[in-house]
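Q: Let me begin by handing over the structure; questions about it come next.
The values are calculated or read from the model by the stated rules, or taken from the named source; none is laboratory data. A quick note: this is a predicted structure, and the numbers were derived from the prediction, not measured. For neighbour counting, all protein chains shown are included, and Cβ atoms are generated from backbone atoms with ideal geometry for every residue, glycine included.
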Amino acid sequence: MAEIRVENAVKTFGKVVAVDHVNLTVHDQEFVVLLGPSGCGKTTLLRAIAGLGLVDSGRIMIGDRDVTYLPPKDRNISMVFQSYAIFPHMRVYDNIAFGLKMRRMPKEEIRQRVQAAAELLHIENFLDRYPSQMSGGQRQRVAVARAIAVHAEVLLMDEPLSNLDALLRLEMRAELKRLLAEIKATTIYVTHDQIEALSMGDRIAVMRDGKILQFDSPTKVYDMPADRFVAGFIGTPPMNFLEGQVRRENGEVRVYIGDYALKPIPEMTETLSRYDGKLIVAGIRAENMEALSQPAEDALKVTVLVVEPLGSQNLLTIRIGSDIIKVATHPDFRAVPDQPIWIRFPSDKIRWIDRDSGKALVPDFDKLIS
């Protein structure tokens, strides 16, 4: 078992709290992504798990061992760095074999493990080359091969694809996901790239200011964000936000954006009724709105500001009152700047957010209003 448990971990640098009472459990053989903007504490947390920077307080467990103050070599981990950190004066074979030689393993076992790791990463034909004779993507494969060759319980990866170009990064994402499913290592992967996080992780921990704001499956983090920051950080484009006033009239709850009324799903009625007369934020993703070229029932008339053809879709920038939002449409949808169109907001796709706290509101299933 290589379950990782971080319990109430704190790490400070002077007056800056980089990791703020973090609790995190990564199950055996699970692939967890730490996601967040620069400076949110994700790399500091990863280095604490690796033993490269000790926490000020709290505890770190790997399996049933308390490794909080153990040096990295005693934690049975491997790490892949953003800068590759492979030795330029060594051939690829010796780079991959380095950790095995440090463990004083038999030469034949080293040869077998290096060959197996190289084949997994499709670099078996480059073992006699020096890193300078390889592309960036190939050097990254060497770094990953070196990490998996030691058969560590835990694999830690710190933005390993950030130095690659977009096309190569796309290819390596798929390769890494395949590889990690095959070797079944417990993996923590740090990135600021939300596409990497959504496409690769079993679960995503979204961090900000040293705290984990949400820890859930990629689908839940995308569809049901815990707060406004997560909603605005995840997604390209990010979630749209519209401010409206809650009104309860004749037993029904509506949220008015100007004269236009948004109708919540029944499960949200009781929760939203507590905001009667107050302002609230409605969040909805660009692809979840319906764009129409003609007036229709329950549709809001808006004006198109910008049209961005993206091949698989058109991305429209529109104005609703003082708010500017994005709407994704089918590529065949015809729109030009200054043209009026009509927008529908499916009730089940709207996420309601407290205007003051920024926290997402959850349905009150025990108090449904019929």
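Q: Among the residues of segment 57-81 satisfying the criterion of being among the aliphatic types (A, V, I, L, M) and more than 30 Å from Gln138 (Cα to Cα), which is farthest from the chain's Cα centre (by Cα)?
A: Of segment 57-81, the ones among the aliphatic types (A, V, I, L, M) are 60-62, 67, 70, 77, 79-80.
Next cut, more than 30 Å from Gln138 (Cα to Cα) only: 60-62, 67, 70.
Values: Ile60: 23, Met61: 24, Ile62: 23, Val67: 27, Leu70: 29 Å.
Looking at residues that are among the aliphatic types (A, V, I, L, M) and more than 30 Å from Gln138 (Cα to Cα), I get Leu70.
Q: Among the listed residues Lys278, Lys263, which satisfies the condition of being in contact with a Ser or Thr (Cβ under 6 Å, 6 or more places away or on another chain), under 22 Å from Ser322 (Cα atoms), surrounded by 13 or more Cβ atoms within 10 Å (Cβ to Cβ) and not assigned by TED's automatic domain parsing to the domain that holds Pro225? I'd like the intermediate steps shown before the answer.
A: Details: Lys278 fails: in contact with a Ser or Thr (Cβ under 6 Å, 6 or more places away or on another chain).
Answer to the check: Lys263.
Q: Out of all the residues in segment 284-292, is one or more among the β-branched types (Val, Ile, Thr), within 14 Å of Tyr260 (Cβ to Cβ) and out of contact with any Lys or Arg (no Cβ under 8 Å at 6 or more places or on another chain)?
A: Start the filter on segment 284-292 by keeping residues that are among the β-branched types (Val, Ile, Thr), which leaves 284.
Filter once more, so that each one left must be within 14 Å of Tyr260 (Cβ to Cβ): 284.
Going one step further and asking which of them are out of contact with any Lys or Arg (no Cβ under 8 Å at 6 or more places or on another chain), we end up with none.
Scanning segment 284-292, I find no residue that is among the β-branched types (Val, Ile, Thr), within 14 Å of Tyr260 (Cβ to Cβ) and out of contact with any Lys or Arg (no Cβ under 8 Å at 6 or more places or on another chain), so the answer is no.
Q: Of the numbered conditions (1) small (Gly, Ala, Ser); (2) in contact with a Lys or Arg (Cβ under 8 Å, 6 or more places away or on another chain); (3) more than 23 Å from Ile62 (Cβ to Cβ), Gly136 satisfies every one except a single condition; which is it?
A: (2)
Q: Pairs needed: first member in segment 117-132, touching a residue at least 60 places away in the same chain (Cβ under 8 Å); second member anywhere, outside any helix (DSSP H, G or I); C-beta distance under 8 Å; at least 6 residues apart or different chains.
A: Sorted first by the residue in segment 117-132, then by its partner, the list stays empty.
Q: Would you point out the residue of segment 76-116, among those that are touching a residue at least 12 places away in the same chain (Cβ under 8 Å) and either outside the structural domain of Leu176 (by TED's automatic domain parsing) or on the phi > 0 side of the Ramachandran plot (or both), that is surrounded by the most Cβ atoms within 10 Å (Cβ to Cβ)?
A: The extreme case among them is Tyr84.
Q: Moving to a separate point now. Filtering segment 1-56 down to residues that are under 15 Å from the mean Cα position of the chain (by Cα) and among the hydroxyl-bearing types (Ser, Thr, Tyr), which residue is nearest to Gly232 (Cα to Cα)?
A: Taking the candidates together, the pick is Ser38.
Q: Mind listing whichever residues of segment 219-248 are under 12 Å from Arg351 (Cβ atoms) and assigned to a strand (DSSP E or B)?
A: Asp227, Asn240, Phe241, Leu242
Q: Also: State whether one or more residues within segment 308-330 are over 17 Å from Asn240 (Cβ atoms), surrounded by 12 or more Cβ atoms within 10 Å (Cβ to Cβ) and touching a residue at least 24 places away in the same chain (Cβ under 8 Å).
A: No, every residue in segment 308-330 fails to be over 17 Å from Asn240 (Cβ atoms), surrounded by 12 or more Cβ atoms within 10 Å (Cβ to Cβ) and touching a residue at least 24 places away in the same chain (Cβ under 8 Å).
Q: Sticking with this one: Looking only at segment 159-173, which residues are farther than 13 Å from Arg141 by Cα and assigned to a helix (DSSP H, G or I)?
A: Our first condition is that a residue be farther than 13 Å from Arg141 by Cα; within segment 159-173, this holds for 159, 162, 165-167, 170.
If the condition is that a residue be farther than 13 Å from Arg141 by Cα and assigned to a helix (DSSP H, G or I), then Ala166, Leu167, Leu170 are the ones that fit.
Q: Another question, then. Val55: in contact with a strand residue (DSSP E or B) (Cβ under 8 Å, 6 or more places away or on another chain), modelled with pLDDT of 90 or more and in the same structural domain as Ala9 (by TED's automatic domain parsing), yes or no?
A: When the stated conditions are applied, Val55 passes them.
Q: Right, next: Tally time: how many residues in segment 96-114 are among the polar types (S, T, N, Q) and in contact with a helix residue (DSSP H, G or I) (Cβ under 7 Å, 6 or more places away or on another chain)? Lay out the reasoning, then the answer.
A: Residues of segment 96-114 that are among the polar types (S, T, N, Q), as a first pass: 112.
Right, trim to in contact with a helix residue (DSSP H, G or I) (Cβ under 7 Å, 6 or more places away or on another chain) and you get none.
Adding up the residues that qualify gives 0.
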